[in-house]
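Coordinate-derived values only; no laboratory data. Just so it is clear, the model here is predicted, and its values are computed rather than measured. Backbone-built Cβ (ideal geometry, glycine too); neighbour counts: all protein chains shown.
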Amino acid sequence: MAFINTIPPIRAEGKLLQLYERVSGPEGQVDNVLQVHSLRPHTLEGHVGLYKAVLHHPRNRLAPWFLESIGVLVSMLNGCSYCEQHHSRGLQRLLEDKPGWYESYMSQLQSETPAAPFKEKEIAALAYVRKLTQTPANITQVDIDWLRSQGSTDGEILEINQVASYFAYANRTVSGLGVSIDGEVLGLSPRTSAETDDWDHG
C-alpha cells in the first residue's frame, strides 16, 4: 500500500481509530492516502481539515466541479496517478447529470491550451494553475491582474490558489510515500457542509 509502514483500520486504536471513523466511507474504507498518515495521526487531522476547507466547504464560491478540475490538472502535471484517478472520478460524479460534459472537460484538461467547454474565466484560471504548478517562482502580480481582467474576484483567486496548492501537497505525499490505489473505491469525498469537522467519505 505504501513505502512506509501503516496501521490499517482493523488495528487502529485511540485517537487514530477516532479519526478513521470520521473519514471512513462505505464498508469502513479509509483511503490509502489517509492511512499513510497513521504513524502521526495529527498530520492526518491536518490533511483532512485542509482538504475539506479548500474543496468541500459551502463558503467557496467556485463550482465544486471546477475545483475538482483544478485538482485533476495539478495531479496530471505532477504525474500523480493516484490523485488523478480519484479526482477525475469525483469530477465525473459531479457531472453525472450533464451527459458528455465529463469527457469534454477531461479532454481539455489533457491539452496544454484548454478551450471550450471551459469558459474564458476558467481557461485563465487553469493557465495560472499550470504556471503555479510548473514554475511557481515565476508567478507575479501580472498573473493576478490577468485573472482579475478575466472576471475572477480576489476571493476566487484565493480559492484557485488554495486548491492548486493543496494538490501539490497531496501529490507529493502520495508519490513520496508510494501510496497505491489498491482496494479502493474511487471518488469518495466529504459532503459539502458548513461543519468543518464533517469528514465522512460518503
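Counting other Cβ atoms within 10 Å, which GluC sites (Glu not before Pro) in region 26-111 have at most 14 and lie in a DSSP loop?
Details: sites: 27, 45, 68, 84, 96, 103; in loops: 96.
Of the GluC sites (Glu not before Pro), the ones in loops of region 26-111 whose Cβ has at most 14 other Cβ atoms within 10 Å are 96.
Straight-line reach from residue 15: which lysines fall under 25 Å, measuring Cα to Cα and dropping same-chain residues less than 8 apart?
Correct list for residue 15: 52.
What aspartates and glutamates does residue 121 reach when the alpha-carbon gap must be under 15 Å and sequence neighbours fewer than 8 apart in one chain are set aside?
Answer for residue 121, where 15 Å is the Cα cut-off: 143, 145, 154, 156, 159, listed by chain and number.
Out of the trypsin sites (Lys or Arg not before Pro) in region 1-96, which ones are loop residues according to DSSP with at most 13 other C-beta atoms within 10 Å? Write down the numbers at each step before the final one.
Numbers: sites: 11, 15, 22, 52, 59, 61, 89, 93; in loops: 59, 61.
Taking region 1-96 and a limit of 13 other Cβ atoms within 10 Å, the loop trypsin sites (Lys or Arg not before Pro) found are 59, 61.
Counting each DSSP H run of 4 or more residues in the chain as -39500 (n - 2.57), what helix-only mean residue ellipticity at 222 nm follows after dividing by all residues, to the nearest 500 deg cm²/dmol? Let's see the in-between values first.
Details: 9 runs with 114 residues, N = 202.
Rounded to the nearest 500, the figure is -18000 deg cm²/dmol.
Order these peptides, 110-119, 133-142, 162-171, by their mean beta-carbon neighbour count within 10 angstrom, highest first.
Values: 110-119: 11.8, 133-142: 10.3, 162-171: 20.9.
Packing proxy ranking, top to bottom: 162-171, 110-119, 133-142.
Loop only per DSSP, at most 14 neighbouring Cβ atoms within 10 Å: give me the chymotrypsin sites (Phe, Trp or Tyr not before Pro) in region 1-105, ordered by residue number. Don't skip to the answer; put the middle values down first.
Details: sites: 3, 20, 51, 65, 66, 82, 101, 102, 105; in loops: 3.
Counting only loop positions with at most 14 other Cβ atoms within 10 Å, the chymotrypsin sites (Phe, Trp or Tyr not before Pro) in region 1-105 are 3.
Take peptides 69-76, 173-180 and line them up by average Cβ neighbours within 10 Å, highest first, as a rough protection proxy.
On the way: 69-76: 25.5, 173-180: 17.4.
Per-residue Cβ counts within 10 Å, averaged per peptide and sorted highest first, yield 69-76, 173-180.
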